[in-house]
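First the structure, in the form of structure tokens, and then the observations on it.
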Amino acid sequence: MRETKDIYGGDKQFAFTHSILNNFEANNIPFFTKKTEKFKTKNFKLGNTKVFFKAGVLARLEDLRDEKLGIILTAFQTRIRWYLAQKDVKRRIQQRAGLLILQRNIRSWCTLRNWDWFKLYGKVRPLLKMGKEQEELDSLQVKIKELEESLAKEEGNRKELETQVAKLVEEKNAIFLNLEKEKAALQESEEKANKLQSLKNDLDRQLGDLQDRLGELEDRNADLQRVRKKGEQEIEGLKKNVQDLELSLRKAESEKQSREHNLRSLQDEMASKMRILPN
């Protein structure tokens, strides 16, 4: 018993499900065919469009496909586990760095919290900032002015860009309208071309029919010419026969007249002799 599969296009599901066994050769039919021409096996036979398998071969292919799927899934799971492990290692390294920084800061605070100079520095530090508030305010005003100028400039650029965008939108709409018109014209041209092609096909078919009829008429004309020529030859033969018959008839008529003349002469001579004879 044989099982048949059309792997060249008719049974795409079969080719798709089993291409996992060798994806390159499954997607390269000419290479696959050329390679399998070297094989001489009793398990399958290659036809023009089909492969004929011996009973049990398809089951073996299914087993091989399941094994291949198992290998692929195992490799996929291994890759996922490796990726998750790498993420966990990265997270633990970041946690360790954060813990080291936190521990260093806690040790530093535990060391300095009871130091008198550190306490004094903690009280004086806010006072040091008070003298710099005006400087910071002036600096902030300068920054505000710069930001306002930058904002005005950006506003001008924004308006210019809005104008350009509006212009581009108009151009886009015009181009879109022209494109739609061109599409409609192209579709109309394609329809005309299809109609002309259909008309051309009809004319070609009619021309073929006329050529066939012309061929038939030419064949019939040739036959009629042969018949005519044969008839003319037969007429010439009949004319010659008629002429021969007429010549024979004239000759027979001449002989008849000659014989009648001789007969009359003999009758006259016999009559003369009969008159001469005594009673």
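The values are calculated or read from the model by the stated rules, or taken from the named source; none is laboratory data. Since this is a predicted model, take the numbers as computed values, not measurements. Note: ideal-geometry Cβ built from the backbone for every residue, glycine included; neighbour counts use all protein chains shown.
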Candidates 185, 193, 174 - the one that is more than 26 Å from the chain's Cα centre (by Cα) and assigned to a helix (DSSP H, G or I): 174
Hits in the range 120-139 (condition: of a type in the set (A, V, I, L, M, F, W, C), modelled with pLDDT of 65 or more and exposed (fewer than 10 other Cβ atoms within 10 Å of the Cβ)): 124, 127
